[in-house]
1. Could you go through segment B:241-254 and let me know if any residue there is away from every other protein chain (no Cβ under 13 Å), touching a Phe, Trp or Tyr at 6+ places or on another chain (Cβ under 8 Å) and assigned to a helix (DSSP H, G or I).
2. Could you please let me know if A:Ala53 is in contact with a helix residue (DSSP H, G or I) (Cβ under 9 Å, 6 or more places away or on another chain), in contact (Cβ under 8 Å) with a residue 60 or more places away in the chain and in a loop (DSSP other than H, G, I, E, B)?
3. Would you list the helices (runs of 4 or more DSSP H) that sit entirely within segment B:388-471 and hold 3 or more residues that are out of contact with any helix residue (DSSP H, G or I) (no Cβ under 6 Å at 6 or more places or on another chain) and within 30 Å of B:Glu191 (Cα to Cα)?
4. Counting only residues that are of a type outside the set (Phe, Trp, Tyr) and in the same structural domain as B:Arg374 (by TED's automatic domain parsing), give me the strands (runs of 3 or more DSSP E) lying completely in segment B:255-330 with at least 3 of them.
5. Of these, B:Pro9, B:Pro59, B:Pro106, which one is within 14 Å of chain A (Cβ to nearest Cβ), farther than 27 Å from B:Gly254 by Cβ and assigned to a loop (DSSP other than H, G, I, E, B)?
6. Quick one: which residue in B:Ser570, B:Ser618 is of a type in the set (S, T, N, Q) and touching a residue at least 24 places away in the same chain (Cβ under 8 Å)?
7. Give the residue that is surrounded by the fewest Cβ atoms within 10 Å (Cβ to Cβ), with candidates limited to residues of segment A:95-116 that are part of a loop (DSSP other than H, G, I, E, B) and at the interface with chain B (Cβ under 8 Å from one of its Cβ atoms).
8. Just to be sure before I move on: is B:Ala82 assigned to a helix (DSSP H, G or I), crowded, with 19+ Cβ neighbours inside 10 Å, touching a residue at least 40 places away in the same chain (Cβ under 8 Å) and not assigned by TED's automatic domain parsing to the domain that holds B:Ala367 in the structure I sent?
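The values are calculated or read from the model by the stated rules, or taken from the named source; none is laboratory data. Just so we're clear, the structure is a prediction, and the values are computed from it rather than from any experiment. No Cβ is skipped: glycine too gets one built from the backbone with ideal geometry, and neighbour counts run over all protein chains shown.
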Amino acid sequence: MADPGGEREVRLVVNGVERVAAAEPRLLLSDFLRHRLGLTGTHVGCEHGVCGACTVLLDGEPVRSCLVFAVQAEGAELRTVEGLAGEDGELGPVQRAFHEAHGMQCGFCTPGFLISLTALLEERPGASEEELVDALSGNLCRCTGYANILAAARAARDQAAERA
Amino acid sequence: MSTIGVSVPRIEDERLLRGEGRFVDDLRLAGALEVAFLRSPHAHARIGAIDAAAALALPGVVAVIDGRETAAALEPMVFDIAKIVPEAVREATAPAVRVHPMPALPTERVTYVGQPVAMVVAESRYLAEDAVDLLAVEFEPLPAVVDAERALAPGAPRVETEWEDNEAISFAFERGDVDAAFAAAKVVVEESFRSHRQHPSPIETRGVAAGVDPQDGSLDVWSATQTPHLLRDFLARWLGRDPERIRVRAPDVGGAFGIKHSCYPEDLLIPFAALRLGRAVKWTEDRAEHLAAATQGRDQVHRIAVAADAAGRILAVRDHAVMNAGAFNLLGLVVPYNTFTHLLGPYDVGAFGFAMRVAVTNTAPVAPYRGAGRPEAVFAIERAIDRLARELGADPADVRARNLIGPEQMPYETGIVYRDGTDQVYDSGDYPELLRRAREVVERERFEAAATERRRIGVGYAIYTEGTGVGPFETARVRIEPTGRVKVLTGASSQGQGHRTTLAQLAAEALGVAVADVEVVGGDSAAVPSGFGTLASRTLVVAGNAVSEAAAAVRAQALEVAAGMLGAASYELEIEGGTIAVRGRPDATLPLGAVADFLTPFNPARPRGAPSELAAESVYRPGPVTWSAGVHVAVVAVDLPTGVVEVLRFVVAHDCGRVVNPAIVDGQIVGGVMQGIGGALHEEVLYDEDGQLRTGNFMDYVLPTAGETPEFELIHLDTPSPLNPLGVKGMGEGGAIGPPAAIAGAVEDALADLGVVVHRGPLGPSRVRDLIVAAAGG
C-alpha cells in the first residue's frame, strides 16, 4: 500500500499562472487540477485513459491527466479548458465553433474535445479531414453522435487555416 | 417574430465551454468526507463475517458501514412504479409482477458482481480506497445463473432463495384468431432474435453528495439524477424525514440515457452517512463501478412468427419474449410492457399473440436505457419482416409499405391497452409518407458504384412508433422580475438535452419577450414544490406545455394589470420584445418589468386585492401519450475477408410533431442513432458463465468514436399532435430505437447471396466472419 503521507509541493504553470500545491506522489494530475487547484473544468470520465475527457496540454502536448501523476508535472506548463478563452475574455475560436455547430449537449466531454482540437490546430492549422477525425477519435462523446463535433472541428480548422 | 421552429443557439453552452459547468464532483463542500465501496466480487455468494478493524485503524478513516447497520435503519428499497399495474392492463394481459425489494446493503447474500457490500467513509477517496483493500469479508460462493432462459428452466439456481423460481414477471395477450390466421397463411416465418445487453454509459458517471445543516438538521443532496423530486420524496420516506427539510439538486448532469433515473443504493447511503456522521459526504462513481453496478439495458430474446398472404400482407404476429431483469426487478412492467406495446409499431396487423416472461439472474439490474424496451421490440419485428421479404422474394421496403397504417386511419386504435391504462391510440402521423421520403434519399447506387467482390453494400430498414410524453404531471412556474427578466422554474431537469433553451423559447413565445430575457431553472427540488423529471421522452410534451400554460397565464395577468396602468382595455394590449403597448397608441407603452414592479407589496399605488407578484404556476397533466414515429435506413459496407461493417450513410425520416428547436432535435436524433450504431456494431455487456463481468472497462466495453460517424440525412415530417396545446411529441429516445434493426437488415442484404441470417448483434468483425463462414458451409 502506498504511503498516504509524503506530500510534497508541486509547482507548475497553469494557463499562464504559477501555481503551487501539495500532492502525495500517487495523486493523479486530474485530481490535482480539480481538487487541489479548483480547476474543475477538466473532467474525469474513466480514469483509465480511454475517454479523453481529462485531456490537458502539458508543455503543448495533449495528455490524459488521469494517466499522469501530479508530481510528474512539476515545472511543466499546462493549459486547460479554463485557459482557452482569449485575453479579452471572449470565447476562443474552437469554443465558438462548438457553440455555433451545436457540437455539444451535456458538455461533460467537451473540455477534452476542445483541448484535443486546440492541440491539433496549433500544430496543423490546415489539418486534413483525416487528421481531424484521427485527433478526435481519442475522445468519447455519448450525446452528440460526433457529427456536429466534426462540423465544429471543420469550421475551427477553416478559421485556423485562414489565420495561418 | 415567433421563436418556435427556430434553431436558437443554446443558452447553456457558454458556461460549459469555459469549463465553468458544475457537475456533482465539481462541488466543493466544506470538510466533505469521501466514500469508496467494497463491491461484491461474486455473482452469487453468502456473506460471512466482515472484519473492519484494520480499515478503521487506518488514519483518516471515519466509518465503515455495512448491511448489518443499514438493515436496522433502512427498509429494503421498493419503487412505486414497480407496484403500479393499472386495472385495464390487468384485465388485458393478466400480469404477474413480483415486487422485489432491494437492500441498500445486503446482509445475507450478494446476487451480482459489483453489488455494494460495505462503504468506507474517509478524509479522501484515496484513503477510502486504501481502507476498502483492508476490509476482510468472508464470501461463500453459491451457484449463479446468468442467462434469462436458463434462469427460467427447471432446476436453475435461484436468485432469491425464498422465491420458488426466477420468474419476476409474466403477462400475455391475444387479439383475433392467431392460430387460424397462421393456418390460412401462404407464408410463415419464424425465428429467434436477441437484443443483447448494453450499457448506457454516459461520460459522466453517477455521483452523490450530501450535507447536513448543523443548526436545523435539514439535508442537502446533490445527485447526478434525472429525477430530483422523486429522489427527494424517496429519501423522505426511507430516511423518515420531512420532504420540506430535504432539498435535492441535480446540477449539471453529464448525460443519462435512463441510467440516472433510478434511485440507487448509493443515493440512499450517502445521505444516510451524512446524517449519521453529521458531516458532508460525497461519492463519485468510477467507471469500473459504473460498468458493473449501474443499471444496464436490453437483454431480451424473442421467438417471433409472422404469417402473411401471398401478396405480403401480414395476417398475424405471434411473439414469445424472455427478458433478463438482472438481480433485481426494480421497475416492474416498465420495460417489458413497452416492448409489448411497441412490437407492432406502424403496422396494421389483424391477429396478435404476445407473451413475455421476465427472469431475475445474477447480473446487474436491467432498467430503461434510451428506448426502454422499444429497440428490442423493433429488432424482433423488423428482423422478422426482413425474413418475410426474403421468403417472398420481395423488396423489404415494399413489404413494409404494404403493411403500414395509413394516414386516413388516424387516429388509429391498436386494440392494446397502454402501460398507463388508457387505450393505445396513435394520435397522428403519416407512416407511408415517412417511408416514401426516406426511400427517395437512400442513394444506394452511389455506394454500389464503389462496391467490389470483397466489399459489399447493403441497405436495411427499420420503422418504429414511440409513445412519448407520459404523465403523470410536470410543474412549471413562470415569474416576471421587476427587471423584466423572466424566470421559468420547472421540475424537469436536464442532462444535456438543451431544456434551458427549448423551454425558454416556449416561455418567450407565450409572453412576447426575447429568449435572452428568459432564465430556466430545473433540477432543484426547492424551485417548485412538486415535479417528476426528465425521462421517457416526456419533457417537451409535459414540461413544455406546463411552461407554455404558466407563461400564458402570466401574460393574461400582466395585461390585466397593465390595462389599469395604461388606461386601456386588456384586449387592446399586445406584448412584443418585453414591452406592453396599446394598439393604435404608439406613445402608450410599458415594460413588462414595470408591471411586476407595480405589483410589489410596498407600492402604495398597488390596487387592493391585486397579486403581489407577476407569476403563475401550472401543473400539466397529459392524457394518453403522443405518438412519434421514424423510418431509419442504414447503408453499410461489409468487408468479406475481415467481417468489418462500416455504416456509410444513415437516413432518418422522423415525425415528432411540432418542432421547437430544429438544431436541438437533430442533435438528439443523431446522438441517439450513434448510440444505436454502437449497440449494433460493438457494445455488449458480457458475463462469463459464473457471472463474472468481462466488460468492466472502456477497452472491453467499446463505445463508438468520431471515426465511425456515417453521413446523416435527416428528414422531418412534422404532424402536430392533437393531444396537447403545443402540438408537440417527444423525441429524446427515437434515434436509438431503429439502428440495431436497420443495420442488421443492411448486413443481411449485403450478404444476401450467401444466405446469411442475423439473429443478434453486435455485428463486430468476428461475429460477421462467423456468419460468413457458417453460410459458406463452414
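1. Scanning segment B:241-254, I find no residue that is away from every other protein chain (no Cβ under 13 Å), touching a Phe, Trp or Tyr at 6+ places or on another chain (Cβ under 8 Å) and assigned to a helix (DSSP H, G or I), so the answer is no.
2. yes
3. By residue number, B:396-403, B:431-440.
4. Counting at least 3 such residues, we get B:297-308, B:314-326.
5. Answer to the selection: B:Pro59.
6. So the residue among B:Ser570, B:Ser618 that is of a type in the set (S, T, N, Q) and touching a residue at least 24 places away in the same chain (Cβ under 8 Å) is B:Ser618.
7. Once the filter is applied, the top-ranked residue is A:His102.
8. Yes; evaluated as a whole, the condition is true for this residue.
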